[in-house]
Number of protein chains: 2
Amino acid sequence: MESLYVIKIGGNIIDDPSLLTSFLQKFAGIKSKKILVHGGGKLATRVADQMGIPQTMSEGRRITDAETLKIVTMVYAGYINKHVVAELQSVHCNAAGFTGADGNSILSHKREKAGIDFGFAGDIDRVNADWIRQLIDNNITPVFAPITHNGMNQLLNTNADTIAQELAKALTPFYKVSLVYSFEKAGVLTDVENETSVIRVLRFGEYKEMKNSRKIFAGMIPKLDNAFTALSKGVYQVIIGQGQNLDLLISGKSGTTILYE
Amino acid sequence: MESLYVIKIGGNIIDDPSLLTSFLQKFAGIKSKKILVHGGGKLATRVADQMGIPQTMSEGRRITDAETLKIVTMVYAGYINKHVVAELQSVHCNAAGFTGADGNSILSHKREKAGIDFGFAGDIDRVNADWIRQLIDNNITPVFAPITHNGMNQLLNTNADTIAQELAKALTPFYKVSLVYSFEKAGVLTDVENETSVIRVLRFGEYKEMKNSRKIFAGMIPKLDNAFTALSKGVYQVIIGQGQNLDLLISGKSGTTILYE
């Protein structure tokens, strides 16, 4: 099967134009088929401040109320997505930007739980793998903004890590899928204070052991649990590390490569 | 050849949610293949005001300076485009939203003329008809925001009427293309004060005569000249009239149908 890389970048790259340019050049250089998923970054907060729209917080989390949804749709699907696409086009990567509403590509429902206000946050139900496959096979590189829809005229703010994971899983019948999470740290660390303590390869057996003996930083556990779930659903490998070294990350020379066995 | 409708809606529909809903329902009901092109509307001005960004005017025209380009990218390609797509999806029209940067679909260059500052305004050079055709033939309904790019990492604010016309012309080798301009008036009027004075069918010979004898409202002449240019390049018909009556417009029961001969 042909290789497909599903690569997620977070705010630390989005917010730094020179880091973003260097990342996008390396991304464009990947010869395999690929999908980019981007998060939000600080611009949405800045635009909300400039527009005088107060941010609602609940238990330390920002709530996507109606006004915030409007802003994240403008900033994520408009500003960030189209700037990333235009920059990729300029380095000869035929990118096209999407939300989950476009081509009905990612359907979600509004997160609801009695007594808790999550605002317009979406949990993913279904990925339209057929259409995404058509795009990829027509040599388009899809670039997803972290916005999905419920099919009933409601856009929903959706976690970019989850979008990357659901895209990766949905495309495993057609490609040998590598899921790459670019984040601030050099990889999965045994010592969170020491960037050189990167675990190069992490397999499920070792992970369970390290988790039991608390040798893994607690903050990484949800990410790693998700990674192993993706692997159990047919994703070939999950790579976690610094996006600015994307070429080294893809080739296994930096970051942590996570394998099922 | 199969029919294709390229339909442009302007600010009067974009700015009125109930008008927009009724328009989109009628648009979704068109059985033929179709493309929607939308303009801007007043939201960009409102967002600029809210963000405290002054609008630069030159000879009565708003100039797209760098800050304004940022806002129109957010509002046109983000907010408006994704809301239109989500609403079309909810009425079972498989829409996907694009700027000219997406899939390199519309290439333009920055308008330059010695001594005149046009800001980041784009004049179209080329439409990537192959990709748009692939989308349409995969039963996608493309929805274009009035933003294009120059291929060198510069997004450009671009007139929506022109985008519609260039798309229509570029797709004539593959479809029998109807170009529909939805605007405020009931159609081309012989008396601008009288909405019942709609010219039902306008052919080039009659138009030349009416233009010479000044029987056509001067404000319509650029639009009509463009319409006849499109027809001379192979577009089958141009229809001008009120978008809220899209079904009547498409069937020739309202508005003005413009034909070459």
Given the criterion under 22 Å from B:Gln134 (Cα atoms), within 14 Å of chain B (Cβ to nearest Cβ) and in contact with a Gly (Cβ under 9 Å, 6 or more places away or on another chain), identify the matching residue among A:Ile136, A:Ile140. A:Ile140
Filter result (aromatic (Phe, Trp, Tyr), in a loop (DSSP other than H, G, I, E, B) and under 17 Å from the mean Cα position of the chain (by Cα)) within the stretch A:174-192: A:Phe183
Could you give every pair whose Cβ atoms fall below 8 Å, whose first residue belongs to the stretch B:213-226 and is outside the structural domain of B:Arg200 (by TED's automatic domain parsing), and whose second residue is modelled with pLDDT of 85 or more and surrounded by 17 or more Cβ atoms within 10 Å (Cβ to Cβ), counting only separations of at least 6 or pairs across chains? none
Return the residues of the stretch A:152-207 that are charged (D, E, K, R) and more than 29 Å from A:Ile63 (Cα to Cα); say none if nothing qualifies. A:Lys176, A:Asp191, A:Glu193, A:Glu195, A:Arg200, A:Arg203, A:Glu206
As an exercise: evaluate A:Ile163 against (1) buried (at least 23 other Cβ atoms within 10 Å of the Cβ); (2) within 13 Å of chain B (Cβ to nearest Cβ); (3) within 20 Å of A:Ile71 (Cα to Cα) and give the number of the one condition it does not meet. (2)
Based on what the data block shows, is A:Lys8 under 18 Å from the mean Cα position of the chain (by Cα), closer than 28 Å to A:Lys169 by Cβ and not in a helix (DSSP H, G or I)? yes
Matching residues in the stretch A:112-126 - criterion: being crowded, with 18+ Cβ neighbours inside 10 Å and out of contact with any Ser or Thr (no Cβ under 7 Å at 6 or more places or on another chain): none
Quick check: is even one residue across the stretch A:91-105 modelled with pLDDT of 95 or more, over 21 Å from A:Ala168 (Cα atoms), surrounded by fewer than 22 Cβ atoms within 10 Å (Cβ to Cβ) and within 12 Å of chain B (Cβ to nearest Cβ)? yes
Output yes when any residue across the stretch B:167-180 is of a type in the set (Phe, Trp, Tyr) and either without any contact (Cβ under 8 Å) to a residue 60 or more places away in the chain or closer than 24 Å to B:Ile14 by Cα (or both), and no when none is. no
Being crowded, with 19+ Cβ neighbours inside 10 Å and touching a Leu at 6+ places or on another chain (Cβ under 8 Å) is the filter here, so list the residues in the stretch A:9-25 that pass it. A:Ile9, A:Ile13, A:Ile14, A:Phe23, A:Leu24
Could you list, ordered by first residue, the pairs with Cβ atoms under 7 Å in which the first is in the stretch B:67-83 and more than 7 Å from every other protein chain (Cβ to nearest Cβ) and the second is of a type in the set (Ser, Thr, Tyr), at least 6 apart or interchain? B:Val72/B:Thr64
Which residues, counting only those in the stretch B:13-27, are closer than 27 Å to B:Ala170 by Cβ and touching a Gly at 6+ places or on another chain (Cβ under 8 Å)? B:Ile13, B:Ile14, B:Phe23
Only one residue in A:Ile140, A:Ile136 is hydrophobic (A, V, I, L, M, F, W, C), in contact with a helix residue (DSSP H, G or I) (Cβ under 8 Å, 6 or more places away or on another chain) and more than 24 Å from B:Ser18 (Cα to Cα). Which one? A:Ile140
Yes or no: B:Ser58 out of contact with any strand residue (DSSP E or B) (no Cβ under 7 Å at 6 or more places or on another chain), more than 9 Å from every other protein chain (Cβ to nearest Cβ) and among the hydroxyl-bearing types (Ser, Thr, Tyr)? yes
Starting from residues that are away from chain A (no Cβ under 13 Å) and closer than 23 Å to B:Asp117 by Cα, keep the ones in the stretch B:32-53 and report whichever is surrounded by the fewest Cβ atoms within 10 Å (Cβ to Cβ). B:Lys42
Report yes if B:Glu67 is within 22 Å of A:His83 (Cα to Cα) and either surrounded by fewer than 18 Cβ atoms within 10 Å (Cβ to Cβ) or not assigned by TED's automatic domain parsing to the domain that holds B:Ser22 (or both), otherwise no. yes
Among (1) among the β-branched types (Val, Ile, Thr); (2) assigned to a loop (DSSP other than H, G, I, E, B); (3) within 17 Å of the chain's Cα centre (by Cα), the one test that A:Thr229 misses: (2)
I'm told B:Ala86 meets every condition in (1) more than 21 Å from B:Leu156 (Cα to Cα); (2) more than 9 Å from chain A (Cβ to nearest Cβ); (3) of a type in the set (A, V, I, L, M) except one. Can you identify the failing condition by its number? (2)
Only one of these is closer than 28 Å to A:Lys26 by Cα and basic (Lys, Arg): A:Arg214, A:Arg200. Name it. A:Arg200
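The values are calculated or read from the model by the stated rules, or taken from the named source; none is laboratory data. Nothing here was measured: the structure is a model prediction, and the numbers come from that model. Every residue, glycine among them, receives a Cβ derived from its backbone with ideal geometry; neighbour counts consider all protein chains shown.
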